[in-house]
Amino acid sequence: MAMKDYIRERFFPHIWCPGCGHGIVLNALVRTVEKLGLKKNDIVMVSGIGCSSRIAGYLDFHTLHTIHGRALAFAIGVKMCRPELKLLVPMGDGDALSIGGNHFIHACRRNIDITAIVMNNRVYGMTGGQYSPLSGYGTMATTAPYTNIDNNFDVVEMAKASGATFVARATPYHAPQLADILAEAIQHRGFSVVEVMTPCPTYFGRKNKEGSVVDMMEKLKTRTTPIGSKAKQEDPSLVERGIFVKQERPEYCDEYQKIIDQAKKRI
Ligand SMILES: Cc1ncc(C[n+]2csc(CCOP(=O)(O)OP(=O)(O)O)c2C)c(N)n1
Ligand code: SF4
Ligand SMILES: [Mg+2]
């Protein structure tokens, strides 16, 4: 199918600023769905609220555009009713780990077969550039004009510690690798988390003097490195990208079905 078959043109033009990384994630998602041969009718995309969450409005799957921070709660409800469907949950860093942090860790712990894509631009983009739990100590934000003194979470470490069975990090600069990682995440049976380090030139970039969009993209190229690379040993400040965790563990809907079967035997 062509790209236009996956897009809801009636919602265009989109709201994203020039240079925003979210559009590249949308593109990678469509390519992945096409490559995997998934049917649009078999996909449910659930989002909360944020610039990143708009992806669910723009794509022509079954979609739910829900409440800020609560996308995973809705997605879990859908998945438990219709376990045969593919659940994709695009989230912002604020959506996933600030207001939605509790849902995030418990979804990881349960290992329910959902793919969470955390678009980490280190800021609340949609609402005007407030700092998020991913902004990091020493960054500037609309709500931190004298610098942010909150330390940040690491999405990958958080997902690993909470029990996600697939954990990866990618960037829109490395778009083909992003699509490959999304494909593995979607095919993985269990809770998969893909952190995508995306640029928000309008707020994070401008407040932190990151330069142009090209400069921000260049940074994703030069300040990240594949997992276990020699470059990381030489410069520990580089951020690793790739697949950190991929393991088999009982999936939540499968386990729940066993409970249903046991209960039925007692009737
Ligand atoms: C319950 C609730 N609280 C707050 C908001 C306001 N709000 C909307 S989007 C957003 C943050 C968006 O940041 P993020 O999730 O990082 O997405 P981005 O826009 O950066 O892609 C906030 C605070 C809301 N819509 N609902
Ligand atoms: S404000 Fe930031 S996150 Fe939102 S569309 Fe613009 S660049 Fe993207
Ligand atoms: Mg954000």
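Being within 23 Å of Glu84 (Cα to Cα) and modelled with pLDDT of 95 or more narrows it down to one residue among Asn27, Asn41; which is it?
Details: Asn27 fails: within 23 Å of Glu84 (Cα to Cα).
Asn41 is the lone residue from the list that is within 23 Å of Glu84 (Cα to Cα) and modelled with pLDDT of 95 or more.
Condition first: buried (at least 23 other Cβ atoms within 10 Å of the Cβ) and in contact with a helix residue (DSSP H, G or I) (Cβ under 7 Å, 6 or more places away or on another chain). Now tell me which residues in the range 173-185 satisfy that. I'd like the intermediate steps shown before the answer.
Step one: list which residues in the range 173-185 are buried (at least 23 other Cβ atoms within 10 Å of the Cβ), which gives 178, 181-182, 185.
Listed by number, the residues that qualify are Leu178, Leu182.
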In the range 130-168, what residues are under 19 Å from the mean Cα position of the chain (by Cα) and part of a loop (DSSP other than H, G, I, E, B)? Tyr131, Ser132, Pro133, Leu134, Ser135, Gly136, Asn152, Phe153, Asp154, Gly163, Ala164, Thr165
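Those residues that are assigned to a loop (DSSP other than H, G, I, E, B) and within 16 Å of ligand 3 (Cβ to nearest atom), I need them from the range 197-249; list them, please. Outline the logic, then answer.
Here is the first cut: in the range 197-249, the ones assigned to a loop (DSSP other than H, G, I, E, B) are 198-200, 208-212, 223, 227-229, 235-238, 247-249.
Residues satisfying the conditions are Thr198, Pro199, Cys200, Asn208, Glu210.
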Does Ala231 meet the test of being surrounded by fewer than 24 Cβ atoms within 10 Å (Cβ to Cβ) and of a type in the set (Gly, Ala, Ser)? yes
Are there any pairs, at least 6 apart or on different chains, whose C-beta atoms fall under 6 Å, with the first in the range 59-80 and on the phi > 0 side of the Ramachandran plot and the second among the small types (Gly, Ala, Ser) and within 16 Å of ligand 2 (Cβ to nearest atom), and if so, which? Gly69/Gly48
Could you check Leu88 against (1) part of a helix (DSSP H, G or I); (2) away from ligand 3 (no atom under 16 Å from the Cβ); (3) crowded, with 24+ Cβ neighbours inside 10 Å and say which number it fails? (1)
In the range 225-243, anything small (Gly, Ala, Ser) and within 17 Å of Glu195 (Cβ to Cβ) is listed as Gly242
Could you list, ordered by first residue, the pairs with Cβ atoms under 9 Å in which the first is in the range 93-104 and more than 12 Å from Ser162 (Cα to Cα) and outside any helix (DSSP H, G or I) and the second is charged (D, E, K, R) and more than 9 Å from ligand 3 (Cβ to nearest atom), at least 6 apart or interchain? Ile99/Arg70; Gly100/Arg70
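Please state which one of Gly205, Gly190 is away from ligand 2 (no atom under 16 Å from the Cβ) and not basic (Lys, Arg). Give the steps one after another, and end with the answer.
Values: Gly205 fails: away from ligand 2 (no atom under 16 Å from the Cβ).
So the residue among Gly205, Gly190 that is away from ligand 2 (no atom under 16 Å from the Cβ) and not basic (Lys, Arg) is Gly190.
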Give the number of residues within the range 1-48 that are within 16 Å of ligand 3 (Cβ to nearest atom), under 14 Å from Ile117 (Cα atoms) and in contact (Cβ under 8 Å) with a residue 12 or more places away in the chain. 7
How do the pairs read when you match residues in the range 113-127 that are touching a residue at least 40 places away in the same chain (Cβ under 8 Å) and in a strand (DSSP E or B) with residues anywhere that are of a type in the set (Lys, Arg) and more than 8 Å from ligand 3 (Cβ to nearest atom), using Cβ under 9 Å and keeping only pairs 6 or more apart or on different chains? Ile114/Lys79; Ile114/Lys86; Thr115/Lys86; Asn120/Arg169
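With respect to Cys108, determine if the residue is modelled with pLDDT of 95 or more, away from ligand 1 (no atom under 11 Å from the Cβ), out of contact with any helix residue (DSSP H, G or I) (no Cβ under 6 Å at 6 or more places or on another chain) and not aliphatic (A, V, I, L, M).
Working: modelled with pLDDT of 95 or more: yes; away from ligand 1 (no atom under 11 Å from the Cβ): yes; out of contact with any helix residue (DSSP H, G or I) (no Cβ under 6 Å at 6 or more places or on another chain): no; not aliphatic (A, V, I, L, M): yes.
Considered against the rule, which asks whether it is modelled with pLDDT of 95 or more, away from ligand 1 (no atom under 11 Å from the Cβ), out of contact with any helix residue (DSSP H, G or I) (no Cβ under 6 Å at 6 or more places or on another chain) and not aliphatic (A, V, I, L, M), Cys108 comes out as no.
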Of the conditions (1) modelled with pLDDT under 95; (2) within 12 Å of ligand 2 (Cβ to nearest atom), the single one that Cys51 does not satisfy is (1)
Output yes when any residue across the range 46-56 is in a strand (DSSP E or B), touching a His at 6+ places or on another chain (Cβ under 6 Å) and within 12 Å of ligand 1 (Cβ to nearest atom), and no when none is. yes
Selected residue (only one of Lys4, Lys79, Lys35 is under 30 Å from Ala161 (Cα atoms), part of a helix (DSSP H, G or I) and more than 11 Å from ligand 1 (Cβ to nearest atom)): Lys79
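The values are calculated or read from the model by the stated rules, or taken from the named source; none is laboratory data. Since the model is a prediction, treat every value here as computed from it, not as a measurement. Using ideal geometry, Cβ is built from the backbone for each residue, glycine included, and neighbour counts are taken over all protein chains shown.
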